[in-house]
Amino acid sequence: MTVHHQSHCKINLLLNILRKREDGFHELETVMAPVACFDELEFSKSHAGIRIIGNHPELNDDPQNLIRRAAQAFFAETRIEPEVHIRHEKRLPMAAGLGGGSSNAAHTLRGLNELFDEPLASDDLHRLAAQLGSDINFFLQDGPAMATGRGEQVESLEPFPALKDAGLLLIKPGFGVSTPWAFKNLARYPKALEGTPGRAKLLVELLNGSDVGSATAEFYNSLEASVLPKHPLLKIYQDFLNEHGAIVSLMSGSGSTTFAVTGSEVDAKELGQAFVARFGNHCWTSATRLQG
Ligand code: C5P
C-alpha cells in the first residue's frame, strides 16, 4: 500500500506580532491561506528504518529534515517499528516563508497515520505538530485559518469569498531568510514588535465580505519591519508589482517570498511575465491561486 500526499504551501495574509514571550517565542495573530503549489510525498512500508529518497539528496539523511523528525515523532508516539520508505519530490523553495518544511512535517504525520491505520487521534497529531514547530498545526487541516499563540493554535475557516476569483503570484528570490533571525532582529523595531491585537479578526470579517479592496487594505506583516531594511530588493519588487496591476503585495511569513494578489489567475500570469521582463528570470516564480 502506498499513501500519496500533495504537501501544499501557505501565505500569511496578516502576521501581526503582539509581543516577545518569556520562552523566547513571539505571541502573534495570523491569517493564513493555503496555496495550490505542492511538494509530492509518498509513503510505503519497507524494512529499512526511515528511508527518505528525494530530488534534493542533501535532505535525505539530514537529521534536521522535518520529514524525518515528524516520522521519528510518529513512530515514538505510536511505538510502531519505524519501517517506512518516503519519496519526496521537492518543488517548493526553502527559507521562503511559504511553510514548505512545516507542510512536509504535517503531511508526514497525516500520511503515516493513514498508512498505519490511524493509530493517532486528531489531538495527538496536533500535540506532535506543536512540538515540531509553530506552523505545522495549520497544515493538519486544508483550508484557510486564523492562528494565535506562537502560531500553533489554529482555528479553521471557510474559504474567503473576497478572494474567490483572485490570482496569486509568488516570487522567491535567490536568497532565503532565516526565521529565527527575522524574529530576533525585530527587537530593533519596537513598534512592529508590539502590534495591536484584533487585526486578524477584523481581516477575517472583511475577507468574508465581497470587497477584495477593503480586505486587502488590511493585509499586514510585522516581519517586514525586520526583513525589508536588510533586503531592500523585496521592497523594489513590491513597488513594481503594485505599479503593474497587483491589488496588494506583501512578504509572506519571514520571507523571502513576496506575493501579489491579482484579479484572476490570468492576471497573475501576465504580472509574472512583466516581472521577468523587468528583473530577469533568476527568481522562482509561480502564478497560481489560493486552494479551496
Ligand atoms: O516554531 P518554528 O520552528 O517554526 O520557529 C522557528 C524560530 O522562529 C523559533 O525558534 C523562534 O526563534 C522563531 N519564532 C518566534 N515566535 C514564533 C514563531 C517562531 O520567535 N511565534
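The values are calculated or read from the model by the stated rules, or taken from the named source; none is laboratory data. All values reported here derive from a predicted model rather than from experimental measurement. Cβ: placed from backbone, ideal geometry, glycine included. Neighbour counts: every protein chain shown. The area values use the complete protein model at the heavy-atom level, side chains included, leaving out ligands, DNA and RNA. Shrake-Rupley method; radii C 1.70, N 1.55, O 1.52, S 1.80 Å.
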- line: Of the conditions (1) under 17 Å from the mean Cα position of the chain (by Cα); (2) not assigned by TED's automatic domain parsing to the domain that holds Glu270, the single one that Pro119 does not satisfy is (1)
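For segment 142-195, how many residues are outside any strand (DSSP E or B), small (Gly, Ala, Ser), away from the ligand (no atom under 11 Å from the Cβ) and open to solvent by 50 Å² or more (accessible area, probe 1.4 Å)? First the steps, then the outcome.
Going residue by residue through segment 142-195, those that are outside any strand (DSSP E or B) are 142-144, 149-152, 157-166, 173-195.
With the extra rule that they be small (Gly, Ala, Ser), the set shrinks to 143, 149, 151, 162, 166, 174, 176, 178, 182, 187, 192, 195.
Narrowing the set further to residues that are away from the ligand (no atom under 11 Å from the Cβ) leaves 143, 162, 166, 174, 176, 192, 195.
Pick out the ones that are also open to solvent by 50 Å² or more (accessible area, probe 1.4 Å) and you get 174.
Result for segment 142-195: 1.
Any idea which of Ser256, Ser264, Ser226, Ser214 is in contact with a Pro (Cβ under 6 Å, 6 or more places away or on another chain) and of a type in the set (Gly, Ala, Ser)?
Details: Ser264 fails: in contact with a Pro (Cβ under 6 Å, 6 or more places away or on another chain); Ser226 fails: in contact with a Pro (Cβ under 6 Å, 6 or more places away or on another chain); Ser214 fails: in contact with a Pro (Cβ under 6 Å, 6 or more places away or on another chain).
After applying the criteria, what remains is Ser256.
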message: Can you pull out every residue in segment 103-141 that is open to solvent by 10 Å² or more (accessible area, probe 1.4 Å), more than 20 Å from Cys37 (Cβ to Cβ) and outside any loop (DSSP other than H, G, I, E, B)?
response: Glu114, Ser122, Asp123, Asp124, Leu125, His126, Arg127, Ala130, Gln131, Leu132
message: Condition first: in contact with a Leu (Cβ under 8 Å, 6 or more places away or on another chain) and of a type in the set (A, V, I, L, M, F, W, C). Now tell me which residues in segment 76-111 satisfy that.
response: Val84, Ile86, Leu92, Leu98, Ala105, Ala106, Leu109
query: Of the residues that sit in segment 247-266 and are buried (at least 24 other Cβ atoms within 10 Å of the Cβ) and in a loop (DSSP other than H, G, I, E, B), which one is farthest from the chain's Cα centre (by Cα)?
result: Ser256
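Could you please let me know if Thr262 is touching an Asp or Glu at 6+ places or on another chain (Cβ under 9 Å) and outside the structural domain of Ala96 (by TED's automatic domain parsing)?
Values: touching an Asp or Glu at 6+ places or on another chain (Cβ under 9 Å): yes; outside the structural domain of Ala96 (by TED's automatic domain parsing): yes.
Considered against the rule, which asks whether it is touching an Asp or Glu at 6+ places or on another chain (Cβ under 9 Å) and outside the structural domain of Ala96 (by TED's automatic domain parsing), Thr262 comes out as yes.
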message: Criterion first (within 14 Å of the ligand (Cβ to nearest atom) and farther than 30 Å from Gly167 by Cα) does Gly24 satisfy it?
response: yes
- prompt: Which one of the conditions (1) over 22 Å from Met94 (Cβ atoms); (2) modelled with pLDDT of 95 or more; (3) not charged (D, E, K, R) does Ala287 fail to meet, given that it meets all the rest?
  reply: (1)
Filtered residue count, segment 97-141, keeping only those that are within 15 Å of the ligand (Cβ to nearest atom) and hydroxyl-bearing (Ser, Thr, Tyr): 3
message: Condition (residue is part of a strand (DSSP E or B), surrounded by fewer than 20 Cβ atoms within 10 Å (Cβ to Cβ) and in contact with a strand residue (DSSP E or B) (Cβ under 8 Å, 6 or more places away or on another chain)) applied to segment 277-284: is it met by at least one residue?
response: yes
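Does Leu59 qualify as being touching a strand residue (DSSP E or B) at 6+ places or on another chain (Cβ under 6 Å) and of a type outside the set (Lys, Arg)?
No: the conditions fail for Leu59.
Can you find a residue that is open to solvent by 30 Å² or more (accessible area, probe 1.4 Å) and not in a loop (DSSP other than H, G, I, E, B) anywhere in segment 7-17?
Taking segment 7-17 as the starting set, the residues that turn out to be open to solvent by 30 Å² or more (accessible area, probe 1.4 Å) are none.
No, the conditions are met nowhere in segment 7-17.
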query: Has segment 132-143 got any residue that is in contact with an Asp or Glu (Cβ under 8 Å, 6 or more places away or on another chain), under 22 Å from Ala215 (Cα atoms) and modelled with pLDDT of 95 or more?
result: yes
query: How many residues are in contact (Cβ under 8 Å) with a residue 24 or more places away in the chain and open to solvent by 10 Å² or more (accessible area, probe 1.4 Å) if we restrict to segment 217-246?
result: 13
- request: Might you let me know whether segment 50-62 holds any residue that is within 20 Å of Val177 (Cα to Cα), open to solvent by less than 40 Å² (accessible area, probe 1.4 Å) and in a helix (DSSP H, G or I)?
  value: yes
message: So in segment 27-43, with the set limited to residues that are more than 16 Å from the ligand (Cβ to nearest atom) and either assigned to a loop (DSSP other than H, G, I, E, B) or open to solvent by 30 Å² or more (accessible area, probe 1.4 Å) (or both), which one is nearest to Thr148 (Cα to Cα)?
response: Phe38
query: Limited to segment 63-77, what total is found for residues that are within 16 Å of the ligand (Cβ to nearest atom) and open to solvent by less than 60 Å² (accessible area, probe 1.4 Å)?
result: 6
